[in-house]
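These notes are about the structure you will find just below.
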Amino acid sequence: MRNFGRPFRVLQAASFVCQPRVITSQCILGCALYERPRMAIELTRYTGNISSNVMTDNDLLSILTANSTEKYYIEYKGFLSNHLSHGIIALHRLGASRERIERFIDIYSRRLDRPPLTVSRAPSLAEQTPVEGLLGSANLVLQTSRSLHRPTCIREPVDNRTDWKRISETQQRLVRLRFSRAHSSRGLAYLHHSHLPLRTSAGLLATPLGSGTTDIVDVVRTVAADGPLREFVEERTESDLWKTRLAGNFQRRVGVLMTERGDDLLRYTLAVRLPAFFRADDADGDRAEKIGRWLVDRAVILYAASDRRNDFFLLHGVTATWSLAQLLPLLTIHGAVDTVVRVMLCALFAVYVAQVGVVSQTDGVCGLYYLRGCPPINQDVLESTDRSDSTWPTTIARAIAVECDEHVYKLVQVCHDLHVANSDTSMRPVYRLAAAIAVDHPLLFN
């Protein structure tokens, strides 16, 4: 994606009227026309400076076109996300050969589902259905996105099409949202399909963000030690209401936290000490970029300092926050940055609390297995990490060589991009450590 400070690019959207500050089904689904494989070309130009002469832009475009969601459905096995294009892009950015990328496609595509052969372009049911009526209907979202087939260019801000108080269970939809901002993928429709609200009281929402005095790592430790909160979540997860909703225990736990204990999450968020340059009422793009970079660095620190090496959900915290950082400078509505930062921190805390699983072993790529409990945070490991830049070529080469979950490729790519773009030398060893963790350790789920 783009480096900090890049100008807002033209969006491809449907021919509809998008009124400022009004969110409608047309507004949300309007950017969901066709997945543009050219998004990968832009991604390679704006995510860093790794030189790769392995494939040309046209080669990459050809591969993405042949393997887009026109061929493989955006979900598989009911609710899992199709990350094929993400893996292709990450491997290309890391310098993988065409043969290596095609091998990844061959292995990954075996698990994917094919979309319907034909989809009606008749007037969509969404035109007569409130936005809430589309929730949980992936097929209707697909039909709606394909019925909006008359593209036109608009320059509406992102905040006119997105309710930022809705967030997904594992935050991965932010990555799709970032793609859709510039390249007309169906990311916004998919984000909405994966809707999960953050419910908090009006009084807490009115509390200014940025007055906290505690380092975010210490807040995470406090969250992990909140026994009553975790007991409540475990009890509610087993209730009839939540047993019939969402796909698994982790998603149910996050659902309970976001919808029933949002005030607790927000209190922890308000306790976080934010950088001095953060101003909740300041929509200045430079400050938005700085707060985005700060958020990404905090996510990388939590991932790298976790005693649970290569935790799947903390990894998602890195990639999702990185995507969010690209969007923050586009928010122009008063207070929008404040809202987004609140929701993102609440989501990170919810993800952390929700990591309570049953110990088990399973076969799969990269030796996936499951553990129990919140991972302790050990910042000492950050101080002892190698300060040399010389380890990057080895880490990247090892990432490319192994047949692994595509999230590993994405994490290594993101960390290298951050390393290239960030002038803060104190964070560079942390980026290298995070990338090495993703390569050296099996991916942990629960």
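Readers should treat all values here as calculations from the given coordinates under stated rules, not as data from a laboratory. Here the structure is a predicted model, which means the values were calculated and not measured. Quick reminder, even Gly has a Cβ in these numbers, built from the backbone with ideal geometry, and neighbours come from all protein chains shown.
Brief remarks follow.
- Here region 215-340 is treated as an ellipsoid with the same Cα gyration tensor; its semi-axes, largest first and in whole Å, are 28, 17, 15.
- Distance violations [Cα-Cα > 29 Å] among Lys243/Lys290; Lys71/Lys410; Lys77/Lys243; Lys77/Lys290: Lys243/Lys290; Lys77/Lys290
- Theoretical FRET efficiency, 1/(1+(r/R0)^6), r = Cβ-Cβ of Glu231 and Lys71, R0 35 Å, to 0.05: 0.15
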